[in-house]
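One structure below.
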Ligand SMILES: [Ca+2]
Ligand SMILES: [Ca+2]
């Protein structure tokens, strides 16, 4: 494109257009190209169509390990009494999450996916909804962060105005109901059961520091099996931001 601009400028120059007029022409051309360029940027193009977004950002003490499982568990019921909590012992259920969960985002093996549980399946079957509206590359420096943005209306529903949310990190998925295998888990709160209840109809940012008992490092019990990097599962900070485009 840069060569196109200079070629046009040379043509105009050869016709005796003044420097000021030529500069004006270049500005118009540049303006048209910039406008065209903006329209091609996905975020800009999609911006007016997305009414509400929810961005969840969390960091771990070590590094995001693509072999482990990092979940953002959501419950659109929004009843603050019951929400997403981690599975920590047998019977293992789906191997990672229990309580009340309707949707989840999973990062595993370098890939993000958004899923919706099929009602009536005891959180054992989920439909894949694709990738999140936006997400980071956790492997990029500093390598300890996951950041995901969801299109609230398209993913969770236009009538959903409050959501329960937990972040669940675990090293393995046990599904054999009688298995006595152990696993390492961290989720929000010392017990992992302190899920958040967030309104989605007011633009605001929620942070770990706002909690009376913020999520901390060092609350992951040592693994009973060798080779587990506990710090890669130890959530140390998080934020959740709701944006609303009027
Ligand atoms: Ca915790
Ligand atoms: Ca922690």
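Looking at region 74-93, which of its residues are in contact (Cβ under 8 Å) with a residue 24 or more places away in the chain and either part of a strand (DSSP E or B) or within 18 Å of residue 180 (Cβ to Cβ) (or both)?
74, 75, 84, 85, 86, 87, 88, 90, 91, 92, 93, listed by residue number.
Of all residues in region 212-238 being out of contact with any helix residue (DSSP H, G or I) (no Cβ under 7 Å at 6 or more places or on another chain) and assigned to a strand (DSSP E or B), which is farthest from residue 173 (Cα to Cα)?
Kept after step one, since they are out of contact with any helix residue (DSSP H, G or I) (no Cβ under 7 Å at 6 or more places or on another chain), are these residues of region 212-238: 212-213, 216-219, 221, 224-236.
Okay, now just the ones that are also assigned to a strand (DSSP E or B), so 235-236.
Details: 235: 18, 236: 22 Å.
Out of the qualifying residues, it is 236.
Taking strands (runs of 3 or more DSSP E) that do not extend beyond region 160-211, which have at least 3 residues that are more than 20 Å from residue 60 (Cβ to Cβ) and either within 16 Å of ligand 1 (Cβ to nearest atom) or modelled with pLDDT of 95 or more (or both)? Quick ask: steps written out before the conclusion?
On the way: elements: 162-170, 196-199, 204-207.
Those strands (runs of 3 or more DSSP E) span 162-170, 196-199.
Only one of 153, 159, 237 is in the same structural domain as residue 84 (by TED's automatic domain parsing), more than 16 Å from the chain's Cα centre (by Cα) and at negative phi; which?
On the way: 153 fails: more than 16 Å from the chain's Cα centre (by Cα); 237 fails: more than 16 Å from the chain's Cα centre (by Cα).
Result: 159 is the single residue among 153, 159, 237 that is in the same structural domain as residue 84 (by TED's automatic domain parsing), more than 16 Å from the chain's Cα centre (by Cα) and at negative phi.
Given the criteria part of a strand (DSSP E or B), under 16 Å from residue 74 (Cα atoms) and under 20 Å from the mean Cα position of the chain (by Cα), does residue 129 qualify?
When the stated conditions are applied, residue 129 passes them.
Of 208, 144, which residue is free of Cβ contacts under 8 Å to residues at least 40 places away in the same chain and surrounded by 15 or more Cβ atoms within 10 Å (Cβ to Cβ)? I'd like the intermediate steps shown before the answer.
On the way: 144 fails: free of Cβ contacts under 8 Å to residues at least 40 places away in the same chain.
Testing whether each residue is free of Cβ contacts under 8 Å to residues at least 40 places away in the same chain and surrounded by 15 or more Cβ atoms within 10 Å (Cβ to Cβ) leaves just 208.
Report whether or not residue 191 is free of Cβ contacts under 8 Å to residues at least 24 places away in the same chain and either surrounded by fewer than 22 Cβ atoms within 10 Å (Cβ to Cβ) or in the same structural domain as residue 92 (by TED's automatic domain parsing) (or both). Spell out how you get there, then give the answer.
Working: free of Cβ contacts under 8 Å to residues at least 24 places away in the same chain: yes; either surrounded by fewer than 22 Cβ atoms within 10 Å (Cβ to Cβ) or in the same structural domain as residue 92 (by TED's automatic domain parsing) (or both): yes.
Answer is yes for this residue.
If I filter region 224-240 down to residues being buried (at least 16 other Cβ atoms within 10 Å of the Cβ) and away from ligand 1 (no atom under 15 Å from the Cβ), which single residue comes out as nearest to residue 160 (Cα to Cα)?
Checking each candidate, the answer is 240.
Taking region 111-126 on its own, how many of its residues are buried (at least 17 other Cβ atoms within 10 Å of the Cβ) and in a loop (DSSP other than H, G, I, E, B)?
Taking region 111-126 first, the residues buried (at least 17 other Cβ atoms within 10 Å of the Cβ) are 112, 114-117, 123, 126.
Keeping just the survivors that are in a loop (DSSP other than H, G, I, E, B) gives 123.
Counting residues in region 111-126 that are buried (at least 17 other Cβ atoms within 10 Å of the Cβ) and in a loop (DSSP other than H, G, I, E, B) gives 1.
State whether the residues of region 158-177 include one that is within 15 Å of ligand 2 (Cβ to nearest atom) and farther than 18 Å from residue 114 by Cα. Let's see the steps before the verdict.
At the first step, the residues of region 158-177 found to be within 15 Å of ligand 2 (Cβ to nearest atom) are 166-171.
Those still in the list that are farther than 18 Å from residue 114 by Cα too: 171.
Scanning region 158-177 turns up at least one residue that is within 15 Å of ligand 2 (Cβ to nearest atom) and farther than 18 Å from residue 114 by Cα.
The values are calculated or read from the model by the stated rules, or taken from the named source; none is laboratory data. Because the structure is a prediction, the values reported are computed rather than measured. All Cβ positions, even for glycine, are placed from backbone atoms using ideal geometry, and neighbour counts span all protein chains on display.
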